[in-house]
Structure formats: C-alpha cells, structure tokens
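*Asks:* Here's a structure for you.
The values are calculated or read from the model by the stated rules, or taken from the named source; none is laboratory data. Note that this is a predicted model, so its numbers are computed, not measured. Using ideal geometry, Cβ is built from the backbone for each residue, glycine included, and neighbour counts are taken over all protein chains shown.
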DNA sequence: CTAGTGCACTGGTCGGACCAGTAGGCTACG
DNA sequence: CGTAGCCTACTGGTCCGACCAGTGCACTAG
C-alpha cells in the first residue's frame with residue numbers, strides 16, 4: 001500500500017459542477033419530469049456563477065436529454081421524462097464513426113429480438129398476445145395501404161414483444177437500433193420491386209412466431225424470429241456479410 | 001396529396017448549426033481524431049457568431065464525446081477518437097432514471113454475452129482462443145492476488161469474447177453494461193464472504209465455456225456462459241427477480 | 001364580460017473584458 | 001556554443017452588461 005494515493009487534482013470547471021448538481025437532483029428524483037428549473041438569471045444567483053456558465057451547463061444537460069428550454073417561456077427549462085433520444089444520438093454517432101455495417105446492426109437486432117421473444121414466451125399474458133395479434137392484423141391490412149403503414153405495424157409488433165420481455169433495456173436498445181437500421185434502408189425497402197411478396201412472407205413469419213409464443217415454445221419462437229428478420233433484411237446486406245447473419249440461424 | 005406540405009419552421013439556434021457543421025465534418029471524416037479545431041476566437045470568425053455561441057456548441061460536442069478542450073492549449077479543441085463514453089453516460093442515466101433493476105442489467109449481459117460466445121464459436125481463430133486461455137490463466141493466478149486482479153482478468157476474458165464475435169456493437173454494449181453492473185455491485189463482490197469459492201467456480205465455468213468453443217459447440221458454449229453469469233451474479237439479485245434470469249437458462 | 005394592449009419576464013445572442021494556464025521563442029547566463 | 005530560465009502571445013474559462021424576439025399574464029378599454 002504505502003501512504004495515501006493522491007489523485008491528480010482535475011481542474012473541475014464551474015459549469016461541470018452546475019451540471020452535476022442539476023443532474024443529481026433529476027436522477028435522485030428531487031426534480032421530476034414536467035417540473036421547471038429556475039430561470040437562467042435565477043440559477044446564476046443560486047450557483048453564484050455567471051449566466052454564460054449557467055447556459056453552458058444547460059446546453060450539456062440538454063444534450064443529455066434531461067432538460068429542454070424554450071425561448072420566451074416565462075418559466076425556466078423543463079425537466080424532461082427520460083427518452084432514449086440521447087442514447088439514440090450516441091449510438092448513431094457510433095454507427096457512423098465506428099463504421100458499423102448494416103450486417104452488424106441487423107445481427108444485433110436478431111440477437112435482441114429473439115431474446116425478447118424468448119422472454120416474452122415465459123411471461124406471456126393474454127394482453128401481450130392480443131397486442132401482437134392486433135399488430136399482425138394491422139400488417140395484413142397494410143399490405144394494400146402502402147409501405148408506411150406496414151412499417152408502422154411491424155414496429156408496433158416488435159415493440160409489443162420488447163415490452164412483453166419485461167426488460168426495459170432490451171426494449172430501449174431494440175427501439176434505438178431498429179430506427180437506425182430503418183434510417184439506413186427504409187427507402188430501399190419502399191422501392192424494392194418484390195416488396196409485396198416480402199410483406200406477405202413477413203406476415204406469415206410473424207404469424208408463426210405468435211403461434212410459437214402462444215404454444216409456449218420459446219426457443220422455437222426465437223429461432224423463427226431470427227429467420228424472419230434474416231429473410232426480411234438479408235437482401236439489403238452485402239452478400240459477403242450475410243454469413244455473419246446466417247451464423248445465428250443454426 | 002394536395003399542395004406542398006409545409007414543415008413548421010423550427011427555430012434553429014445558432015449554436016445548433018455550429019454543432020451540426022462540426023459534427024458533420026467529424027463524422028464524414030474531414031476531421032480525424034487527433035486533429036485540432038481552430039481556436040474559439042477563430043471559429044467565431046469563421047461561423048460569424050459570438051464566442052458564447054461557439055462555446056455552447058463546443059460544450060454540446062464535448063458532451064457527445066466528439067471533442068475535448070483543455071485550457072491553455074495553444075491549439076484549439078482536439079477531435080477525439082470515438083469512445084463509448086457518451087453511450088455509457090446515457091445508458092447510466094437510463095439505468096438511474098428508468099430505474100433499471102440489477103436483474104434487467106444482468107439479464108441483458110446474459111443475452112449479449114451468450115450471443116457473443118455463439119458468434120465467436122463460428123469465427124474462432126487460434127488467436128482468439130489463445131486470448132481466452134490467457135485470460136482464464138490470469139484469473140487462476142488472481143485468486144490469491146485479490147479481487148481487483150480477478151475482476152480485471154474476468155473483464156479481459158469477456159472483452160476477448162466480444163471482440164471475437166466480430167460485432168462491434170455487441171462489443172461496445174457489453175462493455176458499457178458490464179461497467180454499469182460492476183459500478184453497482186463491485187464492492188459487494190469484494191466483500192462477499194464466499195468470494196474465493198465463487199472465483200474458483202467462475203474459473204471452472206470459464207474453462208468449460210472455452211472448451212465448448214474449442215469443440216465448436218456454439219449453443220452449448222452459449223448455455224454455459226449464461227449459467228456461469230447466473231451463478232456469479234444471482235446472489236446479488238433480489239430473490240424475487242431471479243426467475244427472470246432463470247428464464248434464460250432453459 | 002370580453003377583447004385587446006402592454007408589461008415584465010423569458011431564453012438567445014452579442015461584445016468586451018479579465019484571468020490562469022500553456023508552449024515556444026528569446027535572452028542571458030554558464 | 002549550449003542550455004536554463006524568462007517573456008510573450010496565445011489558449012480556454014469565467015464574468016459582466018447589453019440587446020432582441022418571443023411568451024404569458026394582468027390590466028385596461030370597449
């Protein structure tokens with residue numbers, strides 16, 4: 001051991017301490033979503049820093065998705081309910097900077113989605129099953145209604161599954177990664193010449209998954225969901241990267 | 001359809017446009033990690049905004065982990081290589097604000113880690129296997145050396161597996177969630193009365209996993225890894241939440 | 001009682017100022 | 001000639017004061 005280990009005194013900037021205090025108040029629950037922060041001029045008195053410092057702190061908090069400020073609002077900044085927006089932003093950055101391939105993203109979805117299905121099978125209640133049925137029904141109707149409606153119904157299905165998994169982290173990550181994937185290829189999906197056939201195939205797959213969930217066969221449902229996602233997305237993944245996806249199909 | 005659909009003109013703040021431009025330059029690669037941004041005073045000329053605006057933009061970019069500025073640096077802010085720091089931050093916030101339970105976090109790790117093992121089994125090369133062996137060897141040595149060394153070796157093992165999966169997203173998420181979990185319970189682990197027994201059991205489990213990977217049995221390796229994580233962490237999860245973890249054990 | 005106006009606030013932006021810190025050139029000393 | 005140390009010209013961090021365009025509310029005039 002030997003004497004006390006001194007830490008390098010990191011010069012902590014004023015705005016960081018403001019951020020920390022407000023963050024702490026929000027995360028500990030002393031400030032709930034919907035409540036208002038004092039105005040910037042009030043905050044600069046309370047923290048005894050200048051308005052520039054307060055504003056820089058608010059910018060950081062805003063970038064983290066914790067508060068939002070609106071010009072002209074007679075109240076101060078609003079404390080926001082948690083949204084995965086910040087998570088989404090940093091994952092999108094990751095996708096661009098780390099050059100995540102579409103294959104990696106789809107593979108990740110296959111993993112999360114099939115796990116969610118597996119968990120949902122164990123916890124399934126009538127309500128969740130009904131939601132999945134309803135989403136599949138809307139997918140059927142949407143084959144004619146156009147691609148947007150179909151996509152929305154599909155999202156609703158997977159969202160219902162993710163919620164039914166009982167794991168909020170799976171739910172959020174599923175949501176974030178899905179929207180990144182769709183942001184990359186939604187226009188290609190809409191323009192696919194065989195999109196009607198793909199939609200019908202996708203509906204059958206979803207029906208099979210729901211049937212397996214209803215029957216209580218989790219591993220089967222998980223396998224079917226991976227297959228469904230592979231069949232739906234593999235066409236947009238470069239051929240030489242598809243083997244990584246097939247690795248998850250057994 | 002009808003006429004052109006007008007979008008509400010969202011009042012875009014000046015600092016946001018600065019953020020967008022710099023972000024674009026970084027993500028598109030025109031600015032590489034290690035390069036320097038112009039100084040704040042130079043930026044305020046180039047963007048023709050005030051220094052406050054430039055600084056607020058830099059705060060946002062810094063919060064997103066894209067740049068870092070240091071007082072006194074004769075150069076401007078430094079463009080950083082991507083780190084999951086921002087992802088980590090927003091996921092930690094998620095964990096606190098959305099009240100993620102330890103069970104959910106561990107469950108997520110079980111899902112990701114076992115999937116990584118499954119993928120690593122398909123792609124395994126001698127180099128990856130050697131890394132895993134080395135990590136297990138270090139775990140063996142660390143039983144005496146204390147908990148810190150053991151934890152580090154354990155992290156190295158799972159990191160090697162995640163890298164071997166060939167999926168950077170799995171790698172990053174594994175890393176982030178693991179550090180959140182450890183942040184929650186690392187002191188409890190260090191204080192566990194039966195920690196030596198737990199370490200020895202964990203080593204056996206890891207050896208079994210590596211053996212299964214070497215044998216090419218991905219599903220077995222995945223199942224073993226879920227079991228290993230369950231046995232290691234279940235003791236810290238409230239009893240009434242453990243069933244959610246057992247759902248992944250078959 | 002209501003419609004309209006004005007006021008007192010808000011956040012967004014600007015400009016200027018000072019400070020402590022850094023790096024690199026310059027000077028003076030060995 | 002080489003080097004140690006100072007000096008200066010920058011940097012980012014912070015503060016101050018000011019102005020603007022919005023917003024909501026109270027008050028007023030009809």
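*Asks:* Please go through the range A:157-179 and pick out each residue that is over 13 Å from the mean Cα position of the chain (by Cα) and more than 10 Å from chain B (Cβ to nearest Cβ).
*Replies:* So the first thing to find is which residues in the range A:157-179 are over 13 Å from the mean Cα position of the chain (by Cα), and the list is A:157, A:160-161, A:164-166.
Correct list: A:157, A:160, A:161, A:164.
*Asks:* Could you tell me whether the range B:103-115 includes any residue that is over 26 Å from residue A:57 (Cβ atoms), within 16 Å of DNA strand C (Cβ to nearest atom) and either in contact (Cβ under 8 Å) with a residue 40 or more places away in the chain or within 13 Å of chain A (Cβ to nearest Cβ) (or both)?
*Replies:* Within the range B:103-115, not a single residue is over 26 Å from residue A:57 (Cβ atoms), within 16 Å of DNA strand C (Cβ to nearest atom) and either in contact (Cβ under 8 Å) with a residue 40 or more places away in the chain or within 13 Å of chain A (Cβ to nearest Cβ) (or both).
*Asks:* Could you grab me the full set of residues in the range B:115-149 that are part of a loop (DSSP other than H, G, I, E, B) and over 26 Å from residue B:248 (Cα atoms)?
*Replies:* B:125, B:146
*Asks:* Sticking with this one: Can you go through A:119, A:94, A:100 and tell me which one is at the interface with chain B (Cβ under 7 Å from one of its Cβ atoms), farther than 27 Å from residue B:11 by Cβ and modelled with pLDDT of 95 or more?
*Replies:* The match here is A:119.
*Asks:* Taking the range A:60-86 as the region of interest, how many residues are within 12 Å of DNA strand D (Cβ to nearest atom), closer than 26 Å to residue B:100 by Cα and either buried (at least 18 other Cβ atoms within 10 Å of the Cβ) or within 11 Å of another protein chain (Cβ to nearest Cβ) (or both)?
*Replies:* Final tally of qualifying residues: 1.
*Asks:* Considering every residue within the range B:131-138, establish whether at least one is surrounded by 17 or more Cβ atoms within 10 Å (Cβ to Cβ), within 11 Å of chain A (Cβ to nearest Cβ) and closer than 27 Å to residue A:110 by Cβ.
*Replies:* No; the residues of the range B:131-138 include none that is surrounded by 17 or more Cβ atoms within 10 Å (Cβ to Cβ), within 11 Å of chain A (Cβ to nearest Cβ) and closer than 27 Å to residue A:110 by Cβ.
*Asks:* For residue B:22, are the conditions met, namely being within 14 Å of DNA strand D (Cβ to nearest atom), at pLDDT 95 or above, more than 10 Å from chain A (Cβ to nearest Cβ) and within 27 Å of residue A:177 (Cα to Cα)?
*Replies:* Yes.
*Asks:* Do we have residue A:38 as more than 24 Å from the chain's Cα centre (by Cα) and more than 7 Å from chain B (Cβ to nearest Cβ) here?
*Replies:* yes
*Asks:* Same structure again: Tell me which residues, restricted to the range B:59-91, are part of a helix (DSSP H, G or I) and either at pLDDT below 90 or touching a helix residue (DSSP H, G or I) at 6+ places or on another chain (Cβ under 7 Å) (or both).
*Replies:* Once the filter is applied, which keeps residues that are part of a helix (DSSP H, G or I) and either at pLDDT below 90 or touching a helix residue (DSSP H, G or I) at 6+ places or on another chain (Cβ under 7 Å) (or both), the range B:59-91 yields B:59, B:60, B:61, B:63, B:85, B:86, B:87, B:88, B:89, B:90, B:91.
*Asks:* Restricting to the range B:12-50, name every residue that is exposed (fewer than 15 other Cβ atoms within 10 Å of the Cβ), within 15 Å of DNA strand C (Cβ to nearest atom) and assigned to a helix (DSSP H, G or I).
*Replies:* Once the filter is applied, which keeps residues that are exposed (fewer than 15 other Cβ atoms within 10 Å of the Cβ), within 15 Å of DNA strand C (Cβ to nearest atom) and assigned to a helix (DSSP H, G or I), the range B:12-50 yields B:17, B:20, B:21, B:41, B:42, B:45, B:46.
*Asks:* Do you know which residues across the range A:182-215 are within 14 Å of chain B (Cβ to nearest Cβ) and modelled with pLDDT of 95 or more?
*Replies:* Matches in the range A:182-215: A:213 only.
Residue-wise test of (1) surrounded by fewer than 18 Cβ atoms within 10 Å (Cβ to Cβ); (2) in contact with a strand residue (DSSP E or B) (Cβ under 9 Å, 6 or more places away or on another chain); (3) free of Cβ contacts under 8 Å to residues at least 60 places away in the same chain.
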site	(1), (2), (3)
B:147	no, no, yes
B:160	no, no, yes
B:172	no, no, no
B:186	yes, no, yes
B:208	yes, no, yes
B:216	yes, no, no
B:236	yes, no, no
B:246	yes, no, yes
